[in-house]
Amino acid sequence: MQACSHFSLRGPARSAAALLGLAFCAASAGAQGILFPERPTHPGPPMPIPRPIPSQPCYVKNLKVATVINDAVAETTVEQTFVNTASVAQEGTYLYPLPEGATPSGFTMTVGDKTMEPRILSHDEAHSIYEGYVRRYRDPALLEYVGRSLVKINIYPIPPQGERTIRMRYTEILKPQGDARKYVYPLSTSRFGCRPVGTAIVTIKLMTTSPIKNIYSPTHEFSVRKSDERTVIATWEGTNDISDRDLTLFYSTSKDDVGLSLLTFKSGDRDGYFMLLAAPRVTVPKEKILAKHVVFVLDRTGSMQGKKIEQARKSLLFCINNLNPKDRFDVVTFNESADALFPGLVAVTDETLSKARRFVENIEASGGTNIDDALRSAMSLFGDDGSRQNMIVFLTDGLPTVGETNINTILQHFKDVNGDRAAENAQPGIKLAHVVAKKDAGKHIRLFSFGLGYDVNVPFLDRLADLGRGDSDYVKPEEDVEAKVSAFYAKVAAPILAGIKVAFDGADVYDIYPKVFPDLFKGSQLVIAGRFRGAGRGTVRLSGLSNGTDETFKMETGFGEADGSNSFLPRIWATRKLGYLIDQVRLSDNPAGQNEVIDEIVRLSKDYGIITEYTSFLVDENEQAALK
C-alpha cells in the first residue's frame with residue numbers, strides 16, 4: 001500500500017475538482033487507503049495561510065491485512081501506520097475506496113499506546129463535534145461516506161515526524177468467477193506512492209462448508225497451510241515492495257451440492273439472521289438456449305473519447321459476433337439524441353451482422369450525454385413476444401449531461417416503462433414518485449450495464465442493472481477488454497433460471513431482502529438475507545424456469561443452530577435493509593415519509609455499526625474516557 005500526498009486549503013477554499021482528482025488517484029489505486037495533509041497548524045488560534053505550502057508526504061510504514069472468508073463472505077481488516085514527514089503538525093484526510101458492495105463495519109485510530117474506538121453519530125452531529133475538536137487541538141478522527149464506495153476519514157492533528165495507525169474493517173460477498181470465487185486486495189499502488197511500503201503482511205483464512213478443491217494465486221506467491229479439507233490459511237509478506245499487481249486469490253469447492261448454501265446466526269433468545277447463497281448448476285445445451293431480443297446501447301458522447309470509445313467498440317463487436325442464430329437485435333448509439341441502426345429488431349444474418357460491424361467500427365465520440373432518451377429509445381424497440389427474453393446491454397460511463405440529468409428521475413422513468421415492481425414493497429409513509437401503470441409494463445426487459453473507464457457512475461449503473469434484474473461489470477483503461485467483456489457477455493448470452501421463487505418450509509422467516517429476486521445467469525449468484533423466529537429443521541426450495549422448463553432445488557437445513565463464526569450475518573442483513581430504505585428515500589416525493597425512513601436508517605446504522613450517507617464514525621477523547 002502506498003500513500004498519495006497532496007496539499008490543499010481546508011474548507012471552502014478546497015475545490016471539488018481537487019477532491020475528485022484525489023478520488024481518481026484512489027480509485028486508480030484500487031481499495032488502498034491514501035492519506036494526504038490538509039494544512040499546517042500552529043500553536044494558538046488558527047492563522048490564515050497567505051499562499052499554498054508545498055505538499056509534505058505521509059507514507060505507509062506498515063501494512064497488515066487480515067481476511068477471514070466464510071464460504072462466500074469475506075471480512076477484511078486493514079491496519080496502516082502512516083508517518084508525517086513534515087516539520088509541522090497537519091490535519092490529514094484519509095480516503096479509502098471500498099470494493100464494490102463492501103460495507104465498512106469497524107474503524108479505530110491509535111495514538112501512541114492508546115487505541116480509540118468509534119461511536120456512530122448522525123452526519124451533522126459528527127461534523128460539529130469534529131470541528132470543535134480541531135479548534136481545540138485534540139485527537140479526533142471522523143469516518144464518513146463520500147459517494148457510495150469511498151469513505152473519508154479526517155484526522156487531526158498528525159504531529160511532525162509523528163505516526164497514526166488506522167484500522168478499517170469491511171465485509172463483502174465474493175461473486176463467483178466460473179467454477180471458483182475470487183478475492184482481491186489491491187496492492188498496485190507503486191505508481192502513485194511516495195515510497196514503497198516498509199513491511200506488508202497479508203493473511204487470508206478460508207473456511208468452507210464444502211471441501212476445498214483448489215486454491216491458487218496468479219499474482220503473488222502465497223505460503224499455504226491446509227488445516228483440514230475445509231480450512232486453509234494463506235500468507236504473503238513483502239518488504240519495501242513495489243507491486244504493480246493487485247493481490248488475487250481464487251478458490252473452488254466440491255461440486256457435489258446443487259449450489260445452495262444457507263448460513264445462520266442466533267444469539268440468545270433474539271430472532272436469528274440467515275443468508276442464502278444460490279447458484280444452481282444448471283446447464284443448458286447451446287442449441288436449446290432460449291432465443292432473445294437484445295438491444296445494444298452504446299454511449300458515443302464526448303466523455304467517451306480516447307481509450308473508452310476504443311474499448312466500447314471492441315466490446316460491442318464482441319457481443320455482436322457472439323449472437324445466437326435465433327436472436328433478433330438492434331444497435332442504438334447516443335449523445336444528445338439516440339439513433340437506432342435498424343428501424344426495429346432484425347434477425348441475425350450475414351447481411352445484418354456485416355452492417356452492424358461496419359457501423360460500430362466507424363463510431364466516433366462527441367457531444368453531450370442524454371441517457372434518459374437513450375434508454376427510452378431502446379425500450380421502445382421491444383414488442384410483446386413472450387417466447388424470447390428481452391435484454392438491453394448498456395455500454396457507457398453513466399454520466400448524464402443533457403436532457404434529464406437527475407439520476408433518480410432516470411431510474412424512475414426506466415421503472416415506469418419496464419413495470420414498477422417496487423411500489424408494492426414501499427415502506428410505510430413512503431409514496432413513490434411517478435408510479436405509472438404502462439400498457440407495456442409486462443415486457444420485463446433485463447438490463448446489463450457495462451461501465452468503461454475510471455470516472456464511472458457506479459452507483460447509478462448498479463442500480464439500473466438491479467432494477468432491470470440483470471447485472472453490471474466494469475473495465476479499467478489498462479485491462480484486457482476482450483477478456484472482461486467475454487466473461488460479462490457469457491452471462492447475458494446464457495440465462496440459467498428466470499422467475500425465481502424461494503420457499504422456507506418449516507421456518508418462520510421475515511424481513512427478507514431483496515424484495516424482488518433477480519434472474520440467475522451463468523456466473524452469477526442470488527444472495528438473500530433475512531430474519532427468522534424460533535429454531536428447528538426446515539427445507540429451502542428454490543424454483544424457476546430454465547429454458548421454459550420448471551426447475552426446483554431443495555436443501556434440508558437447520559435454523560437457529562448456534563455458530564459463532566457467522567457473527568457477520570446481522571451486518572449483512574442490516575446492510576441490505578439499509579440499501580433498500582435509502583433507495584426508498586431517493587425515489588420518494590413525500591418529505592414526511594422521507595423523514596420517517598431516515599430516522600429508521602439512522603437507528604439501524606447505530607444499532608449495527610454501519611455508516612451510511614446519514615451517519616459517520618467518530619473517535620475522540622470523550623469516547624475513549626467513556627470506555628475506561
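The values are calculated or read from the model by the stated rules, or taken from the named source; none is laboratory data. What you see is a predicted model; the values in this text were computed from it and never measured. Glycine gets a Cβ as well: all are built from the backbone with ideal geometry, and neighbour counts include every protein chain shown. When the accessible area is computed, the model is the full protein with side chains, heavy atoms only, and any ligands, DNA or RNA have been set aside. Shrake-Rupley method; radii C 1.70, N 1.55, O 1.52, S 1.80 Å.
Heavy atoms only, 1.4 Å probe, whole protein assembly: order Lys182, Lys292, Lys175 by accessible area, highest first.
Lys175, Lys182, Lys292
Please list 3J(HN,Hα) in residue order for region 110-117, calculated via the Karplus relation 6.51 cos²θ - 1.76 cosθ + 1.60 where θ = phi - 60°; whole Hz, with x for glycine and proline.
10, 10, x, 9, 10, 9, 9, 8
In terms of modelled amide H atoms, which long-range or inter-chain residues lie less than 5 Å from the amide H of Lys175?
So Lys175 has HN proximity to Lys182.
How high is the FRET efficiency between Ala503 and Arg586 when r is their beta carbon distance and R₀ equals 41 Å, given to the nearest 0.05?
Once the sixth-power term is evaluated, E becomes 0.85.
Mind listing the long-range amide H neighbours of Phe342? Cut-off is under 5 Å, sequence gap 5 or more, other chains count too, H placed in the peptide plane at 1.01 Å from N.
Result for Phe342 returns Val331.
Any chance you could check the Cα centroid distance between region 310-372 and region 460-506 for me, in angstrom?
After rounding, the separation between the Cα centres reads 20 Å.
In nm, to one decimal, how far is the modelled label at Asn595 from the one at Glu310, with both set 7 Å along Cα→Cβ?
Taking the simple label geometry, Asn595 and Glu310 are separated by 5.5 nm.
Long-range amide H contacts for Gly162: which residues qualify at under 5 Å (H placed 1.01 Å from N, peptide plane, sequence gap of 5 or more or a different chain)?
Amide H neighbours of Gly162, under 5 Å, 5+ apart: Asn84.
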